[in-house]
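The values are calculated or read from the model by the stated rules, or taken from the named source; none is laboratory data. None of these values were measured; they are calculated from a predicted model. Methodologically, a virtual Cβ is constructed for each residue, glycine included, from the backbone with ideal geometry; neighbour enumeration extends over all protein chains shown.
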Number of protein chains: 2
Amino acid sequence: MAIKLYDLAGAEDDRRFSPYCWRVKMALMHKGLAFETLPWRFTEKDAIAFANSTTVPVLVDGNHTVSDSWKIAAYLEQAYPSRPAVFGGSDSQALTYFFSHWAVRTLHPPLMRAIVLDLYGHVHEKDKAYFRESRTKRYGMPLEQYGADPGKGVADFRAALEPLRPVLAENDFLSGKGPGFADYILLGVFQWARCASPRQLLEPGDPLYAWRGRVLELWGGYARKAKGYPV
Amino acid sequence: MAIKLYDLAGAEDDRRFSPYCWRVKMALMHKGLAFETLPWRFTEKDAIAFANSTTVPVLVDGNHTVSDSWKIAAYLEQAYPSRPAVFGGSDSQALTYFFSHWAVRTLHPPLMRAIVLDLYGHVHEKDKAYFRESRTKRYGMPLEQYGADPGKGVADFRAALEPLRPVLAENDFLSGKGPGFADYILLGVFQWARCASPRQLLEPGDPLYAWRGRVLELWGGYARKAKGYPV
């Protein structure tokens with residue numbers, strides 16, 4: 001029985017922009033595991049109540065149900081030890097956990113300011129009120145005010161990426177010679193934007209631009225083929 | 001012939017506060033390599049000109065001379081592959097390189113505001129003019145102005161540490177089960193402060209407090225025994 005993944009979708013079933021779901025899809029591809037994704041909307045809380053979760057990703061693998069992208073990655077690594085590792089070992093797993101916390105705290109806020117109105121435009125009609133209310137509460141201001149200066153959001157996002165540039169100038173991937181979960185965390189950030197927003201985030205000369213191209217090409221261009229805007 | 005390390009010293013020969021030199025000393029201890037440190041002052045550029053460097057650490061290992069803490073760690077890992085690894089592998093090495101850039105960009109500036117005047121108090125008499133001039137130029141203001149609100153520097157430093165806390169609440173070390181170079185990078189930041197400043201940076205309930213205690217205790221308390229202020 002193939003693994004099932006509840007995956008956030010927008011107005012169209014195949015528009016999938018959750019950064020956390022992207023991490024998991026890339027980890028499943030990395031491990032070469034068969035899986036199917038089930039489109040899910042923010043307000044479909046009942047559909048994932050069995051997982052004791054109100055958010056996706058939720059992964060169902062036979063008798064195992066796991067929610068939270070970090071826990072899912074750790075589960076897959078433990079459950080499928082003979083498949084390619086998404087963490088190089090316990091050293092990398094702890095450092096990648098730091099990377100995840102850094103990315104969410106440092107990269108998400110400026111990027112959200114750049115794309116929040118585009119995201120709102122792409123969420124399903126049934127989710128629009130939920131998205132508006134929950135995000136207004138989270139950011140303490142109306143969406144239109146939070147996203148009033150997307151150009152500044154992009155500039156702040158680019159500045160926040162700064163410590164990654166020397167690493168990607170010298171390494172093909174954040175995980176060194178091959179891609180790993182840290183790369184998928186970062187790709188999730190870019191897919192979040194690209195699947196919902198036409199905004200260009202990187203200049204071609206940026207080491208991150210070449211890195212993103214490499215990750216988008218993995219497994220026959222799996223991530224590049226996703227419905228979204230060109231990069 | 002034992003490895004020689006040029007190590008920044010203050011007014012006293014045994015007051016060693018360079019965060020970059022601390023990384024290297026910890027890596028040498030980790031690998032169990034015999035080494036001696038040579039006290040060096042900021043203005044003794046001639047003494048390390050043979051290494052084509054104007055700053056320490058500079059490591060001399062037989063015919064090999066290496067400067068720059070990152071290059072030294074990479075050199076030691078490559079030159080002594082049978083000794084305990086400071087990187088868990090190429091995955092960890094790339095992620096640790098990111099960690100290094102993050103630490104220098106994010107942790108050093110607020111901490112410098114907290115301790116710059118204490119550092120100035122401890123640099124060797126012959127270095128004082130150099131330290132004052134070079135740092136005034138770097139920060140674009142007099143030392144007394146840059147360090148005018150050390151309490152705010154400590155508060156900003158504690159806030160900047162935030163993405164580390166969930167990692168150290170769940171792992172003994174940044175490198176997972178055992179310490180690695182990421183831990184030594186972070187310890188270097190704390191030793192920079194502790195060897196020159198009485199300021200308390202962490203509260204006992206902070207996961208970082210317990211982590212620092214663990215790293216200070218390694219190899220019979222090597223780092224804790226260094227001349228400095230109690231933590």
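Overview of results
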quantity: Residue selected from the range A:159-197 under the condition basic (K, R) and within 14 Å of chain B (Cβ to nearest Cβ), by the criterion farthest from B:S90 (Cα to Cα); calculated: A:R165
quantity: Qualifying residue in the range A:115-128 (condition: more than 11 Å from every other protein chain (Cβ to nearest Cβ), assigned to a loop (DSSP other than H, G, I, E, B) and free of Cβ contacts under 8 Å to residues at least 24 places away in the same chain); calculated: no
quantity: Within the range A:176-230, tally of residues that are touching a Ser or Thr at 6+ places or on another chain (Cβ under 9 Å), closer than 21 Å to A:E77 by Cβ and among the hydrophobic types (A, V, I, L, M, F, W, C); calculated: 3
quantity: Number of the exception - B:D14 against (1) surrounded by 20 or more Cβ atoms within 10 Å (Cβ to Cβ); (2) of a type in the set (D, E, K, R); (3) part of a loop (DSSP other than H, G, I, E, B); calculated: (1)
quantity: Residue tally, condition polar (S, T, N, Q) and surrounded by 18 or more Cβ atoms within 10 Å (Cβ to Cβ), over the range A:73-105; calculated: 4
quantity: Tabulated pairs, the range A:33-48, first more than 12 Å from A:L59 (Cα to Cα), second of a type in the set (S, T, N, Q), C-beta under 8 angstrom, 6+ apart or interchain; calculated: A:F42/A:S134; A:K45/A:T54
quantity: Residues within the range B:17-55 that are charged (D, E, K, R) and under 25 Å from B:A85 (Cα atoms), tallied; calculated: 4
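Residues checked against (1) farther than 24 Å from B:E12 by Cβ; (2) among the charged types (D, E, K, R); (3) at pLDDT 95 or above; (4) not in a helix (DSSP H, G or I):
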residue: B:R113; (1), (2), (3), (4): yes, yes, yes, no
residue: B:Y130; (1), (2), (3), (4): no, no, yes, no
residue: B:A148; (1), (2), (3), (4): yes, no, yes, yes
residue: B:D156; (1), (2), (3), (4): yes, yes, yes, no
residue: B:I185; (1), (2), (3), (4): yes, no, yes, no
residue: B:R199; (1), (2), (3), (4): no, yes, yes, yes
residue: B:G220; (1), (2), (3), (4): no, no, yes, no
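Matching residues to (1) in contact (Cβ under 8 Å) with a residue 60 or more places away in the chain; (2) assigned by TED's automatic domain parsing to the domain that holds A:H101:
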{"site": "A:K177", "(1), (2)": "no, yes"}
{"site": "A:G180", "(1), (2)": "yes, yes"}
{"site": "A:W192", "(1), (2)": "yes, yes"}
{"site": "A:P198", "(1), (2)": "yes, yes"}
{"site": "A:L201", "(1), (2)": "yes, yes"}
{"site": "A:V231", "(1), (2)": "no, no"}
